[in-house]
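Below is one structure, written out as structure tokens; the observations come after it.
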Amino acid sequence: DVKVTQSSRYLVKRTGEKVFLECVQDMDHENMFWYRQDPGLGLRLIYFSYDVKMKEKGDIPEGYSVSREKKERFSLILESASTNQTSMYLCASSGTRGADTQYFGPGTRLTVL
Amino acid sequence: GENVEQHPSTLSVQEGDSAVIKCTYSDSASNYFPWYKQELGKRPQLIIDIRSNVGEKKDQRIAVTLNKTAKHFSLHITETQPEDSAVYFCAASIGTGNQFYFGTGTSLTVIP
């Protein structure tokens, strides 16, 4: 059974703070993804990674960066949080570079004050 | 890139009736189409998927149909139950890189 975990369920930060969101998967998946979910906008891809130390921009990478130093761990970084980054952040992983199911973590509800 | 549109955004049905959610995609190279269900406060979970070499797939009360020529695919839920109430997302993947393009979601309410 695939398990994807995220470091926090709820997080409150102040404008300008550096924020780290961490995702860990236990299935030796190559691919990992960060999405943000906002009402009426669905799931929008921020960044993804095919392998350790590799990263690709998604549709909305501005204001975010990522780090993948180990295969099982994918971190999303907000260098200087802003109020418009208040959102639900979902991490996902999948097993191959071809079309394959993505498995989601429980999400982190981030509020930036 | 790929663009996925999903309709309707909200759907209410009486318990026992059928529900249909439709998605269209723009890139004919897309070859994998999953559907996710997200209950309130929970993570999206895969409920059914279809690949481009298949026209229809069924799993108990859930079915998905794919029309490659028209570039649309649909989720069909029969004999709906209150526990089917959730937000449903469709997605399309070109396969290369496994990037998913999601629709904006359909909030389904099943009225007992």
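The values are calculated or read from the model by the stated rules, or taken from the named source; none is laboratory data. The shown structure was predicted, so the numbers you read here are calculated from the model rather than taken from an experiment. Don't worry about glycine lacking a Cβ; one is built from the backbone with ideal geometry, like all the others, and counts go over all protein chains shown.
Taking the conditions (1) over 30 Å from B:Pro8 (Cα atoms); (2) surrounded by 14 or more Cβ atoms within 10 Å (Cβ to Cβ) in turn, A:Arg14 satisfies each one other than (2). Across segment B:51-64, the number of residues qualifying as more than 11 Å from chain A (Cβ to nearest Cβ) and closer than 15 Å to A:Thr101 by Cβ comes to 3. Would you confirm whether any residue within segment A:72-82 is surrounded by fewer than 14 Cβ atoms within 10 Å (Cβ to Cβ) and assigned to a strand (DSSP E or B)? The answer is no; no qualifying residue exists. For segment B:86-112, which positions are over 14 Å from the mean Cα position of the chain (by Cα) and away from every other protein chain (no Cβ under 14 Å)? B:Thr109, B:Val110, B:Ile111, B:Pro112 - these are the residues of segment B:86-112 that are over 14 Å from the mean Cα position of the chain (by Cα) and away from every other protein chain (no Cβ under 14 Å). If you go through segment A:83-103 and keep only what is part of a strand (DSSP E or B), of a type outside the set (A, V, I, L, M) and modelled with pLDDT of 95 or more, you end up with A:Ser87, A:Tyr89, A:Cys91.
Look at (1) crowded, with 16+ Cβ neighbours inside 10 Å; (2) under 22 Å from A:Tyr103 (Cβ atoms); (3) touching a helix residue (DSSP H, G or I) at 6+ places or on another chain (Cβ under 9 Å) and you find that B:Ala19 fails only one, number (2).
Residue-wise test of (1) in a loop (DSSP other than H, G, I, E, B); (2) away from every other protein chain (no Cβ under 14 Å); (3) within 27 Å of B:Lys37 (Cα to Cα).
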site	(1), (2), (3)
A:Thr5	no, no, yes
A:Glu22	no, yes, yes
A:Met32	no, no, yes
A:Arg36	no, no, yes
A:Leu45	no, no, yes
A:Met54	yes, no, no
A:Asp59	yes, no, yes
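Which of the strands (runs of 3 or more DSSP E) contained wholly in segment B:1-110 include at least 1 residues that are more than 30 Å from A:Ile60 (Cα to Cα) and either at pLDDT 95 or above or not aromatic (Phe, Trp, Tyr) (or both)? Here the list reads B:10-14, B:19-25, B:56-59, B:62-67, B:72-77.
With the condition kept exactly as written, say whether any residue in segment A:62-70 is outside any loop (DSSP other than H, G, I, E, B), facing chain B (nearest Cβ under 10 Å), within 12 Å of the chain's Cα centre (by Cα) and charged (D, E, K, R).
Going through segment A:62-70, the residues outside any loop (DSSP other than H, G, I, E, B) turn out to be A:65-70.
Filter once more, so that each one left must be facing chain B (nearest Cβ under 10 Å): none.
Checking segment A:62-70: not a single residue is outside any loop (DSSP other than H, G, I, E, B), facing chain B (nearest Cβ under 10 Å), within 12 Å of the chain's Cα centre (by Cα) and charged (D, E, K, R).
Among what's in segment A:18-53 and is without any contact (Cβ under 8 Å) to a residue 12 or more places away in the chain and of a type in the set (Gly, Ala, Ser), pick the residue that is surrounded by the most Cβ atoms within 10 Å (Cβ to Cβ). Filtering first and then ranking leaves A:Gly42. Within the set B:Ala70, B:Ala29, the sole residue that is under 16 Å from B:Ser93 (Cβ atoms), among the hydrophobic types (A, V, I, L, M, F, W, C) and either in contact (Cβ under 8 Å) with a residue 60 or more places away in the chain or surrounded by fewer than 17 Cβ atoms within 10 Å (Cβ to Cβ) (or both) turns out to be B:Ala29. Checking every residue in segment A:90-105 against the condition of being surrounded by fewer than 20 Cβ atoms within 10 Å (Cβ to Cβ), facing chain B (nearest Cβ under 10 Å) and touching an Asp or Glu at 6+ places or on another chain (Cβ under 6 Å) gives zero matches. Of all the numbered requirements in (1) surrounded by 16 or more Cβ atoms within 10 Å (Cβ to Cβ); (2) out of contact with any Pro (no Cβ under 9 Å at 6 or more places or on another chain), B:Ser93 misses one, and that requirement is (2).
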